[in-house]
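A.B. asks: Got a structure for you, written out below as structure tokens; questions coming shortly.
The values are calculated or read from the model by the stated rules, or taken from the named source; none is laboratory data. The structure displayed is predicted, hence computed values, not measured ones. Cβ: placed from backbone, ideal geometry, glycine included. Neighbour counts: every protein chain shown. Side chains included, ligands, DNA and RNA excluded: accessible areas come from the protein's heavy atoms. Shrake-Rupley method; radii C 1.70, N 1.55, O 1.52, S 1.80 Å.
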Amino acid sequence: MKIKPNLIPRFNFDYTFKDFIYAIKSIFSSDEFDLKPLELIFGERTFLFTNYGRSSLYVILKALNLPKGSKIGVPLYSCTVVFDVIVKAGFVPCFIDMGLNNYTMDVQDLEKRIADLSAVVVIHTFGRPADMDNIVKIAGDKPVVEDCAHSLLSEYKGKKTGTRGVASFYSLAKYISAGDGGMIILNNNEFKGNFQRELHLLHTPSLLSEIKHSLLLYVYSFLYHKPWYGLFAFSLGTYIENSVDIAGKRTFSASKIGKSDCSVFLRKLETFQKKVGLQRRNSQMLLDELENTSLILPYEQKDTSYNYFLFPLLFESKDKRDNAYEVLRKMGIDTAKLWSMTPVVARQFYGYKGECPNTEEFVDRVLTLPNYYSLTDKDLLKIASTVKKIDELT
């Protein structure tokens, strides 16, 4: 398929030249990290940092001191790297189905399986908060870990996601585009010594590796924008993604966070609420424009506030979803069948046996649209009008 030079990227990578310069300066700075921006948002808690979100989950699972081989409840609808981390930490993923009303962990399915579990990992998928009241109630004295990779600044019953479980973790590469890095929020200081022990075991990135890392991030972000994305970056990435792990998702080496990533994150966090507001506004525009279609739209649920990190559409069938995927790209709009292969991979490598029918249906019908805060109204109206035309013709 011929790709248009003005192709709208499916995701947003907003690591600017100013971020790159700030990152390089911070590498050579002796200043301590100022965690006030975090405390203003989350309150006084213990904040710990690693090189990736997946490394943060690894540290959390090791720090819980669970018996080796324990079963960890996790949504099947997930990036498979979450399953990799569970296995690497010495445990076994036990798959929980999703609720088709909110696309997060189904509490009834969790209740059926909780007796066999030693801990639960909850994912606030797309930035949509899971039903934490019921999940925590069902889990009882078993630790609940919140995966907030998608849900920075989303709220559940007036509180930020990540503040209800024993601990939570964030991916600093996602949404806020701080480069890389993972953040742990510890909500139960009973485990604080364990967490500090596990973090102490991680190595610190070298100065040279940080400089290379920051430069690579800037180049990657630069190419992920128009017109470079459509001109050659999309085709190049598609060609090599099966042979080169350019995103570092298939393997990882846990370490402490680099000064560059942590500094950029804390700097961007101070004003990030405004960008979340813009993304919510863009998402509301898409909701309004697509209101009278046959598509199931991602409306907010009661007692929640979404950061709208991603904008999922649910089609009536796989054929209609796949047709929309192809037509949108021909029209210069890139989209994602997010995690569509996860059930297949889980069967092959992680012991999944088909116990999550909702998830298997969902992955065949879901498509995420570009909705990020840097899109123009012209881009958004183009996306919405194209989707509406596809819906009318199918």
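A.B. asks: Relative contact order for the chain: what is it in percent, counting Cα pairs under 8 Å that are at least 6 residues apart?
C.D. replies: For the chain, the relative contact order is 26 percent.
A.B. asks: Another question, then. Test of understanding: express the Cα radius of gyration of segment 141-201 as a ratio to 2.2 N^0.38 Å, with N the residue count.
C.D. replies: Segment 141-201 yields a ratio of 1.18.
A.B. asks: Starting from the Kirkwood Rh over alpha-carbon pairs, what translational D in µm² s⁻¹ does segment 54-211 have by Stokes-Einstein at 20 °C and 1.002 mPa s?
C.D. replies: 135 µm²/s
A.B. asks: Continuing with the same structure: Which of these values of semi-axes √(5λ) of the Cα gyration tensor in Å was calculated from the structure shown: (i) 36, 23, 21; (ii) 31, 27, 20; (iii) 99, 23, 22?
C.D. replies: Step by step, semi-axes √(5λ) of the Cα gyration tensor in Å for this structure corresponds to label (ii).
A.B. asks: Right, here's the next one. Taking loop as defined by DSSP and a crowding limit of 11 other beta carbons within 10 Å, which GluC sites (Glu not before Pro) in segment 20-92 fit?
C.D. replies: GLU32, GLU44
A.B. asks: Using only helices, what value at 222 nm comes out for the chain when you add -39,500 (n - 2.57) per DSSP H run of length 4 or more and divide by the total residues, to the nearest 500 deg cm²/dmol?
C.D. replies: -12000 deg cm²/dmol
A.B. asks: Additional query: May I ask for the equivalent-ellipsoid semi-axes of segment 261-310, computed as the square root of five times each C-alpha gyration tensor eigenvalue and listed largest first in whole Å?
C.D. replies: For segment 261-310, the ellipsoid semi-axes come out as 28, 11, 9 Å.
A.B. asks: Please identify every one of the GluC sites (Glu not before Pro) in segment 311-377 that sits in a loop by DSSP and has no more than 16 other beta carbons within 10 Å of its own beta carbon.
C.D. replies: GLU316, GLU355
A.B. asks: Given Cβ point charges of +1 (Lys, Arg) and -1 (Asp, Glu) and nothing else, what value in debye, to the nearest 20, does the dipole of the chain about its Cα centre take?
C.D. replies: With only Lys, Arg, Asp and Glu charged at Cβ, the dipole is about 720 debye.
A.B. asks: Another question about this same structure. Would you mind working out the magnitude of the charge dipole of segment 26-117 relative to its Cα centre, with +1 at each Lys and Arg C-beta and -1 at each Asp and Glu C-beta, to the nearest 20 Debye?
C.D. replies: It comes to approximately 400 debye.
A.B. asks: Expressed as a whole percentage, what fraction of the accessible surface of the chain belongs to carbon and sulfur atoms when a 1.4 Å probe is rolled over the protein heavy atoms?
C.D. replies: Within the chain, the accessible surface is 54 percent carbon and sulfur.
A.B. asks: Quick check on segment 1-85: take the gyration tensor over C-alpha atoms, sort the square-rooted eigenvalues as a ≥ b ≥ c, and tell me if it's rounded (a/c under 1.5), prolate or oblate.
C.D. replies: Verdict is oblate for segment 1-85.
A.B. asks: Within segment 62-138, report the trypsin sites (Lys or Arg not before Pro) that DSSP leaves as loop and that have at most 11 other Cβ atoms within 10 Å.
C.D. replies: Passing sites in segment 62-138 are LYS68.
A.B. asks: Further question: Roughly what % antiparallel, to the nearest 5, for the DSSP beta bridges in the chain?
C.D. replies: Restricted to the chain, the bridges split so that about 60 percent are antiparallel.
A.B. asks: I'd like the distance separating the alpha-carbon centroids of segment 7-67 and segment 76-117, in whole Å.
C.D. replies: Rounded to whole Å, the Cα centres lie 25 Å apart.
A.B. asks: Would you list, by chain and number, the lysines whose Cα falls below 22 Å from the Cα of LYS160, excluding same-chain residues fewer than 8 positions away?
C.D. replies: LYS36, LYS137, LYS142, LYS174, LYS192, LYS268, LYS274, LYS275, LYS302
A.B. asks: Using a probe radius of 1.4 Å on heavy atoms only, what accessible surface per residue do you get for the chain? Whole Å² is fine.
C.D. replies: Ligands and nucleic acids excluded, the result is 45 Å² per residue.
A.B. asks: Here is a follow-up. Would you mind giving the average projected area, over all directions, of the Cα convex hull of segment 249-394 in nm² with one decimal?
C.D. replies: If I average the Cα hull's projected area over directions, I get 11.9 nm².
A.B. asks: Give the aspartates and glutamates reachable from LYS330 as a straight Cα distance under 19 Å; neighbours fewer than 8 places away on the same chain don't count.
C.D. replies: Result set, ordered by chain and number: ASP319, ASP322, ASP379, ASP391, GLU392.
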